[in-house]
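Just below is one structure, and these are the notes that go with it.
Bear in mind that the values in this text are calculations on the coordinates, not laboratory data. The structure presented is a predicted model; accordingly, all values stated were derived computationally and were not measured. Please note: Cβ atoms are built from the backbone with ideal geometry, for glycine as well, and neighbour counts cover all protein chains shown.
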Amino acid sequence: MIGSMRPIIVAGNWKMHTTPADAGELARTIAARTRVDGVIRVLCPPFVCLAAVRDAVSGPDAAAPDGSGVAVGAQDVHHEAAGAFTGAISAPMLAGLATWTIVGHSERRRDACETDELIGRKLLAARAAGLRTILCVGEQLAEREAGRASDVVDRQLRGCLAAADPVAINAGDAAAFAIAYEPVWAIGTGRNARGADAAEMAAAIRQTLAALGFPNGGADVPVLYGGSVASSNIDEFMAEPSIDGALVGGASLKPDEMAAIVARAGLTAAARAGAGA
Ligand code: PGA
């Protein structure tokens, strides 16, 4: 598959913000202001807001001119389908609520001590339940400064994907499995990677995928950038042919920001569609 065939994805990770009382209105506003052809839009609110967001984006106002809608995603899933796991939410429980999930976010790695092996099990559980899945990877500042960023991400990918079937993981659905490169030092800090550095990491990620046996040297897998993405810096990421969109945190709670970010992603989608035609 050539690069232009990969979907362009802008996913908003609302983290621990919004309530069932206000999430629907925010989602409705963002959906209405991001109606752009060629961009898959995903909103990932807290679990308790999934139903409100689903209901808010199910109307025609949320649809883009090309008929595509806003998808709803979870921020995490448990690695088992059911069982004695107090407080946990499994992938099958999300049926009817969400069609996407994030796994391996650095805040979960940090706060819930999630290991690559556990994240790999979450990924498999999510895909088994039919959820499109965004796997997050990224290095710490000290690791980047030591010149080890790509080694760290390589190790994370190998750990997370050890049990995954590289052929089946996105067979028949180009958006089923995406990777978000999120340098930890750029998350929530207002400090973003440079577009060229993110592109270099996207290339390194695909090298690892190729080594793991992914078809086409990993070229089928969308790679998103995440880490202080905003309207002021989205350009430099979307200008990179190896980057296929963004995982947006803080700015995804701001309709103006999301409107500008998705609009910019739409330009890339149109350019790639033109190049591929
Ligand atoms: P940020 O978060 O955009 O607020 O840096 C990104 C993320 O954590 O996915």
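Key figures
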quantity: Karplus 3J(HN,Hα) series, Hz, for the stretch 250-258 with 6.51 cos²θ - 1.76 cosθ + 1.60 (x for Gly, Pro); calculated: x, 5, 6, 8, 10, x, 4, 5, 5
quantity: Residue order, fewest to most surrounding Cβ atoms within 10 angstrom, among 101, 19, 34; calculated: 19, 34, 101
quantity: For residue 138, distant residues with modelled amide H under 5 Å away; calculated: 182
quantity: Per-residue Cβ neighbour rank within 10 angstrom, fewest leading, 103, 36; calculated: 36, 103
quantity: Within a Gaussian network of the chain (alpha carbon springs, distance under 10 Å), most fluctuating of 127, 144, 41; calculated: 144
quantity: Between the stretch 12-61 and the stretch 199-277, the alpha-carbon center distance in angstrom; calculated: 20
quantity: Calculated from backbone phi, Karplus (6.51, -1.76, 1.60) coupling profile of the stretch 92-101 in Hz, x at Gly/Pro; calculated: x, 5, 7, 4, x, 10, 9, 10, 10, 8
quantity: Residue (of 105, 275, 60) at the positive-pole extreme of the chain, dipole from beta-carbon charges; calculated: 60
quantity: Nearest-0.05 FRET efficiency for residue 17 and residue 63, computed from C-beta distance (R0 35 Å); calculated: 0.90
quantity: Cut-off under 5 Å, modelled amide H: who pairs with residue 164 long-range; calculated: none
quantity: Computed magnitude of the charge dipole of the stretch 3-276 (debye, nearest 20; Cβ of K, R +1, Cβ of D, E -1); calculated: 180
quantity: 237, 47 arranged by Cβ crowding within 10 Å, fewest neighbours leading; calculated: 47, 237
quantity: Shape of the stretch 3-276, Cα gyration tensor, a/c cut at 1.5; calculated: rounded
quantity: Virtual spin-label span in nm between residue 207 and residue 141, 7 Å along Cα→Cβ; calculated: 2.6
quantity: Estimated 222 nm signal from helices in the chain, with DSSP H stretches of n ≥ 4 weighted -39500 (n - 2.57), rounded to 500; calculated: -11000 deg cm²/dmol
